[in-house]
Amino acid sequence: MSDNAITDTLQPDGFVGIVEDWSADKQAFQVPWGKAMMWIFLLSDTFIFSCFLTSYMNVRMSTTVPWPNPSEVFALTILGNHIPLVLIAIMTFILISSSGTMAMAVNFGYRKNRKATALLMVATALFGASFVGMQAFEWTKLIVEEGVRPWGNPMGAAQFGSCFFMITGFHGLHVSAGVIYLSIITFKVNRGDYDRSNNYEAVEIAGLYWHFVDLVWVFIFAFFYLW
Amino acid sequence: MAYVALADRGQILSHPHSFITKYIWSQDHKVIAIQYGITAISVGVVALVLSAMMRLQLGFPDTFSLIAPDEYYQFVTMHGMIMVIYLLTALFLGGFGNYLIPLMIGARDMVFPYLNMLSYWVYLLSVIILMASFFVVGGPTGAGWTLYPPQAILFGTPGAEWGILLMLISLAVFIVAFTMGGLNYVTTVLQARTRGMTLMRMPLSVWGIFTATVLGLLAFPALLVSAIMMTLDRLLGTSFFMPAIVSMGEQTNYGGGSPVLFQHLFWFFGHPEVYIVALPAFGIVSDLLSTHARKNIFGYRMMVWAIILIGGLSFIVWAHHMYVSGMNPYFGFFFATTTLIIAVPTAIKVYNWVLTLWRGNIHLRVPMLFAIGFIFTFVHGGLTGIFLGNVVVDLPLSDTYFVVAHFHMVMGVSPILVVFGAIYHWYPKITGRMFNETMGKFHFWLTFLGTYSIYLPMHYLGFLGVPRRYYAYEGIEFIPESALQLNSGITIAALFVAVVQILFFVNMIWSLFYGKKAEGNPWGATTLEWQTPQTPPIHGNWGDELPEVHRWAYDYSVPGEAIDFIPQNVPANDNPEAHRT
């Protein structure tokens, strides 16, 4: 941390700093290349999800049949009470909590606390896995009980099911890939790889991906479930 | 957490020893580049043969009966898709990008060589999937390279059984491959430059490839999403792009989708794609002109900003491909305006190329001939683009041979001329041998004049209203007999140009074994790739020390210097005329 204080005073702030970074030799960003690469990948991935969500809005407007009411479709009856969107609320809460544990793991990584980092990453991966599990439950319920199919559903526009399975499926794949990714990094943290190299940046890079997947979920939640 | 830049780190290289790790599962960017290049050119030859078959049908409909109408559509589709994506995109970014980026910016390799290797093998997989569609039931898709729904996935369109699926899957796999490579190219340019190599000292080739890769990373997602959605429409019966429709006399189960949505997604990818192909060509041609005219590129900074501006603008012009698709007319006004604005930075580039030549010490070697040829074909294709960018002019010309002539001039012939020029230019560095100059000159003149005699008459056919994508034109009243004769002439020219390419392949292969040994820097070029200790460069590119850059890439014919070029890694001297950046 003390290193930071010294270099910070040497680097000019604000716009001048940006210009100096970009007109310098060697590198444009003062970060490891792995981190730069992850940011660029996430930018590209943002365009994928933007295209999905824009397409969803487009077909929602172009379809000739009324759109089903998401609050009704995604309601659960628990102990006799009909609660709209309850499962999604829990899933969203879990995913956002996992972002919190991930951020703490990154913090402990920079303090070179191997054990706490590994434990927090395990917690993050478990949150992620439970999210995917609940999504599987949600899909099953929609398919088996409500009769929603990608090509049609009893409640209204066929595009409702098409968009739902495509977008949440694509996001679910991202979460599943993230859980595998986190597990690999956790394994390496626990084995002490990053203590030997004295460099926990891999944890932060995995964290970037994980926060991105969370952020995308917020948009899916807002545009698909709340609209 | 003080972070050490890549250029300042002592790197221990482990050199591969076995044949397999050296040449097949290689992580060396130069080997990967050659693998990309050979695969892309091979698949390009397939597309060339397809176009020859189509031309035979169009030129001599009664003499030859090589292909049926169904096959004509399939060949049109495969020719277009292969040429645009599997040849040009892969060759410029996977081929030249891989070879040139690390050498030109003074790096030992890409930042993530393993991912780079994976990128090639996944690309090869996408090519194999695409080629497989020639051998499945129903053959490859005949939907046209734009794959517009609803017809692309409805039965009755050739290849609706398997061809369209293999096409969509192949595209998705290609995008995965491109993303792996593209992340490497962008990160390498941004983070792995050598000491002294600022962004504004990079050769324009790197600028062009870098910007094109950024465009690719932001544009290919739209194609990926549309490919996924169309695959779902075809396989699961969803209706993203499919309205309620009667097919072959029966009501289908589709309903409520939007075919125009596909066109928006496709062209949001498709227009930047034009510049993914054009920007590397712009960059490379700038370096060829400057080197062989022994003169610094005119307006370097302007050239860089023009590349960036063209890249940015290319994302807000896509709907000029859709003037006849039934959009709101006000959209046409907006997209026509942005389209015509692109002409400004493009024109700046053309003027700067010409001004680079002006009073230069021009050496008409083979690469230079191709570079100058490019200026002609590009101006030509660019000007017809201004016609088509205007809504009122586009409406009568759309879907005629004028459009075919336009895009073949601007993104077919022009980039291919640069590809040839670039291969001749870097051939001595890549192989360590010189090519045959005379054969190269024959190749240029026959190709250049030949392509003009193909595409110039097509503009005229377009003005006559001859529609594109037709299998035969007999019995259409408004098409005069003379137009059909012109078609025969075009076919003869096209076959001639196709056969002439044998000269290129013979030259490349013959010179590989019998060519004169090349020196390290035969053209007297300033950029770093010509300053490597070995030719061809070995694994790791540089010796123990990375080169240090002291000047921009264009110190040619500096007044007061004994030789007419100063390489970028020569330390600064007192000459005030030199190393301007």
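A few notes on this one:
- Approximate shape of segment A:3-132 as ellipsoid semi-axes (Cα gyration tensor, √5λ), whole Å, largest first: 41, 26, 12
- For B:Ser247, the residues whose modelled amide H falls within less than 5 Å of its own, excluding neighbours fewer than 5 places apart on the same chain, are B:Thr252.
- Per residue convex hull volume, Cα atoms of segment B:108-256, in Å³: 120
- Working from label points 7 Å from Cα in the Cα-to-Cβ sense, the B:Asp8 to B:Phe60 distance is 6.9 nm.
- Förster radius 56 Å - calculated FRET efficiency between B:Trp358 and A:Ile143, Cβ distance, rounded to 0.05: 0.20
- The DSSP beta bridges internal to the protein assembly as shown are antiparallel in roughly 90% of cases.
- Packing here is the average count of other Cβ atoms within 10 Å per residue, and on that basis the peptides B:409-421, B:486-498, B:22-34, highest first, run B:409-421, B:22-34, B:486-498.
- Values of log10 I(q)/I(0), in the order q = 0.11, 0.13, 0.17 Å⁻¹, for segment A:32-225 under a Debye, Cα-only, solvent-free model: -0.56, -0.74, -1.07
- log₁₀ of I(q)/I(0) at q = 0.31, 0.33 Å⁻¹ - segment A:94-139, Debye sum with one point per alpha carbon: -0.99, -1.05
- Each stretch of four or more DSSP H residues adds -39500 (n - 2.57); spread over every residue of the protein assembly as shown, this sum gives -21000 deg cm²/dmol at 222 nm.
- All other residues whose Cβ lies under 13 angstrom from that of B:Tyr72 are scored, Lys and Arg at +1 and Asp and Glu at -1, for a net of +1.
- With each label modelled as a point 7 angstrom along the Cα→C-beta vector, the B:Ala347-B:Glu481 pair spans 4.4 nm.
- Backbone phi angles across segment B:129-135, fed through the Karplus curve with coefficients 6.51, -1.76 and 1.60 (θ = phi - 60°), yield HN-Hα couplings of 4, 5, 5, 4, 5, 5, 10 Hz in residue order; Gly and Pro are listed as x.
- Distance between modelled label sites at B:Asp399 and A:Thr54, nm, 7 Å Cα→Cβ extension: 2.6
- Partner aspartates and glutamates whose Cα lies under 15 Å from the Cα of B:Lys517, excluding those fewer than 8 positions away in the same chain, are identified as B:Glu437.
- Net charge of Cβ neighbours under 13 Å - reference B:Tyr323; Lys, Arg +1; Asp, Glu -1: -2
- Shielding score for B:214-224, defined as the mean number of other chain Cβ atoms within 10 Å: 4
- Distance cut-off 17 Å, percentage of C-alpha pairs in segment B:312-386 lying past it: 56
- Listed residue pairs exceeding 19 Å between alpha carbons, taken from B:Lys295/B:Lys516; B:Lys429/B:Lys516; B:Lys295/B:Lys349; B:Lys349/B:Lys441; B:Lys441/B:Lys516: B:Lys295/B:Lys516; B:Lys349/B:Lys441
- Based on alpha carbons, the Rg and Dmax found for the protein assembly as shown are 28.1, 93 Å.
- The convex hull around the C-alpha trace of segment B:468-581, projected and averaged over every direction, spans 14.4 square nanometres.
- Förster radius 41 Å - calculated FRET efficiency between B:Ile538 and A:Tyr181 (Cβ-Cβ, nearest 0.05): 0.70
- Isotropically averaged projected area of chain B, using the convex hull of Cα atoms (one quarter of hull area), nm²: 28.7
- Overall dimensions of segment B:264-364, expressed as equivalent-ellipsoid semi-axes from the Cα gyration tensor (√(5λ), whole Å, largest first), are 33, 12, 10.
- Sum of side-chain charges, B:Pro467 neighbourhood, beta-carbon under 15 Å (Lys, Arg +1; Asp, Glu -1): -2
- Of all lysines in the structure, those lying under 28 Å Cα to Cα from A:Lys35, and not within fewer than 8 positions of it along the same chain, are A:Lys26, A:Lys112, A:Lys115, A:Lys188, B:Lys30.
- Loop-located GluC sites (Glu not before Pro) in segment B:476-581 whose Cβ has at most 16 other Cβ within 10 Å (DSSP): B:Glu477, B:Glu519, B:Glu545, B:Glu548, B:Glu561, B:Glu577
- What the pair-distance distribution of segment B:312-457 shows, using all Cα-Cα distances binned every 10 Å from zero, is 10, 33, 30, 17, 8, 1 percent.
- Using a Förster distance of 51 Å, the FRET efficiency for A:Trp67-B:His17 (Cβ separation, nearest 0.05): 0.25
FYI, it's all coordinate maths here, none of it is from the lab. Just so it is clear, the model here is predicted, and its values are computed rather than measured. No Cβ is skipped: glycine too gets one built from the backbone with ideal geometry, and neighbour counts run over all protein chains shown.
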